[in-house]
């Protein structure tokens, strides 16, 4: 007898690049122009030090000290990270509507994001209204694609890996979720996400 596929109970969304357009490029360009620094140097230094900020191990001051050490001719940095990101973080309305539709249909919807405390302070209230649960790396001390962050989210949601779909715009993050048995979608567009959710048996 053919085994029936496990029904999906929860859909877990990434934040930047899925619900909002990814701010990384425009944020780093904004910082480089504002401080008159080489863009590629800023981009490289920010990326190298972000895991410490994203897990909450570094304060914003410690983060900027490390970034400044890696950029030639950088001044002492004390830049508004939240401001630089906030003004380069437009929404993807179709994805917001999809979250609302799935929640109305009775699916558990959750957010799992690598993010820093400065942005959590700005957006957390709004995001907690959108989702059943939200998980921020800076509050958990873990960062995607560490398998423990997906396992923690599943435990809190009370669903098994086979009952979940995870959507992210970074392949290393979808690969991390897939390694523990979660169905994944590498985000390209709202239409593509809807099509692949339907292929997983999700109804909306």
So how many residues does segment 157-177 have that are without any contact (Cβ under 8 Å) to a residue 24 or more places away in the chain and in contact with a strand residue (DSSP E or B) (Cβ under 8 Å, 6 or more places away or on another chain)?
2
Given segment 1-72, what helices (runs of 4 or more DSSP H) lie entirely inside it while holding 1 or more residues that are exposed (fewer than 14 other Cβ atoms within 10 Å of the Cβ), in contact with a strand residue (DSSP E or B) (Cβ under 9 Å, 6 or more places away or on another chain) and at pLDDT below 85?
none
Those residues of segment 178-204 which are without any contact (Cβ under 8 Å) to a residue 60 or more places away in the chain and within 15 Å of the chain's Cα centre (by Cα), in sequence order
184, 185, 186, 188
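The values are calculated or read from the model by the stated rules, or taken from the named source; none is laboratory data. These numbers come from a predicted model, not from an experiment. Backbone-built Cβ (ideal geometry, glycine too); neighbour counts: all protein chains shown.
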